[in-house]
Amino acid sequence: MTGMFDMTTERVDQLDAEARRILRLNDRGGYTVPTAGLYPYQWNWDSAFAAFGFAAFDIDRAWTELETLMAGQWENGMVPHIQFHVSDPGYFPGADVWGTDGAVGKGEGRVASSGISQPAVAASFAWRIYQKDPGAGMARLRGMFPRLMAFHRWFIAARAESGAVAISHPWEAGRDNAPDWDEAMAGFEPEGVAAYTRRDTGHVDPKMRPTKADYDRYIWLVQFGRERKWDDAAIAAESPFRVADPTLTFTLMRACRDLARIADALGEDRTEIDGWITRLEAGAETLWNPDTACYDSRNLRTGRLAGCVTNASFLGWWGGLRDGQPLDTLHRILAAAPYSVPSYDPTSPKFEGLRYWRGPVWGVMNMMVGVGLAEAGLKTEAERVRSDTARLISEHGFAEYFDPHNGTPAGGGTFTWTAAIWLGWASPNAEEL
Ligand code: DGY
């Protein structure tokens, strides 16, 4: 027995082997797809998590993953949320719909990509991978440093006008259909959306995916950005959809702290990074909701907080904050479902246990919440989050997400980032982070 609920060492070894197999299975040579079929390209934060998973058994491959990701960076510093290395008719919306060729900041000759970004976790994993083998990692870290600087600089300039980091599209938060955006999404009509056929619901049960009302607006926002040639300033000024989000804010805050550590290790100047951290810390305060006693999203068009208790509400610890964190609210949520951390408050009428970001548990969010709690010395809560994640995977496999009440696996299977956080964190064999 390993001491972590009832898992034998044989079972743990079996799961470790299965997780490694999944990473190899989804490896397309230099980059990893989240899962075949449903997501056939390189996604930004999925890829950074994949690097973290590879680092448990193949450091060289881990660096390659991050290097491929950062090679897709636009001239303006943005690292796109999808890189379309190949063409795959099984996915919508593809490169033709995004229409980023000739976009502001794209630069010639870069791989076809989407026109938005995703949570900036790359620097945090670059720092971890480097620490596992500084000798092997120093040159690669040095090569990546200017790109990571440009990425963070872009985020601050293009998305942090309120101090907190805003999304220009729900896909940018990674939490696509979170209730956080309901007000902002209802604030415009998706008029003029060209006819389209969804592909996601051909791979996965529609009740586990966003609704048509959401999808029409996702595509409308893509058209809106494309019409402005993906000009960040024009989109920020004119789009009806602009929401400051705790996921982007706290992942960037953490990534800036890790980038500052990288700068120290490389003997580079960290002054600019420290300025970003100060700004993000002030911005995070604008996301505190006294009514729900946790971090929330704020619709920058109306100024209103969303009133949503989500798994992103508990990322402040990961961001490095210690004072005034939502511990009471976390305790309430941990008591509300046997498997933590639900992506949405199970006591809310809007909760849906299988619908993507409106209830299910996501391993990657659990890892960031759990590691943050552990770093803050909240051992009991940290262990609860970690052992729930391990239990979900052991009982239900490496699914994309899980129902927090009964563990039902949902979304895609053989999922890269679920395998990655198993190897790097949830497995009893994982190294202490
Ligand atoms: C999808 O296609 O569902 C993705 O989440 C978009 O990034």
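General observations
- Condition check for Asp96: within 16 Å of the ligand (Cβ to nearest atom), surrounded by fewer than 23 Cβ atoms within 10 Å (Cβ to Cβ) and not hydrophobic (A, V, I, L, M, F, W, C): yes
- Matching residues in region 375-398 - criterion: being in contact with a Lys or Arg (Cβ under 8 Å, 6 or more places away or on another chain) and either hydrophobic (A, V, I, L, M, F, W, C) or part of a strand (DSSP E or B) (or both): Ala376
- Only one entry in Asp245, Asp232, Asp274 is more than 16 Å from the ligand (Cβ to nearest atom) and buried (at least 18 other Cβ atoms within 10 Å of the Cβ), namely Asp232.
- Scan of region 157-210 for residues that are within 19 Å of Leu252 (Cβ to Cβ) and of a type in the set (A, V, I, L, M), ordered by number: Ala157, Ala158, Ala160, Ala164, Val165, Ala166, Ile167, Ala173, Ala178
- The set of residues in region 368-393 being more than 11 Å from Val341 (Cβ to Cβ) and surrounded by fewer than 21 Cβ atoms within 10 Å (Cβ to Cβ) consists of Ala374, Glu375, Ala376, Gly377, Leu378, Lys379, Thr380, Ala382, Glu383, Ser387, Arg391.
- Test: residue in region 211-220 that is away from the ligand (no atom under 16 Å from the Cβ) and within 30 Å of Pro342 (Cα to Cα): no
- Residue in region 293-312 that is part of a helix (DSSP H, G or I) and modelled with pLDDT of 95 or more present: yes
- Note on region 73-88: among residues that are over 21 Å from Ala173 (Cα atoms) and in contact (Cβ under 8 Å) with a residue 40 or more places away in the chain, the one that is nearest to the ligand (Cβ to nearest atom) is Asp88.
- Answer residue from region 24-64, given it is aliphatic (A, V, I, L, M), in a helix (DSSP H, G or I) and away from the ligand (no atom under 16 Å from the Cβ) and is surrounded by the fewest Cβ atoms within 10 Å (Cβ to Cβ) among those: Leu25
- Residue that is at pLDDT below 95 and more than 15 Å from the ligand (Cβ to nearest atom), where the choices are Glu67, Glu108: Glu108
- Candidate set: region 413-433, residues that are buried (at least 23 other Cβ atoms within 10 Å of the Cβ) and touching a Ser or Thr at 6+ places or on another chain (Cβ under 6 Å); chosen: the one farthest from Phe125 (Cα to Cα): Phe415
The values are calculated or read from the model by the stated rules, or taken from the named source; none is laboratory data. These numbers come from a predicted model, not from an experiment. When we count neighbours, we look across all protein chains shown, and the Cβ atoms used for this are built from the backbone with ideal geometry, even at glycine.
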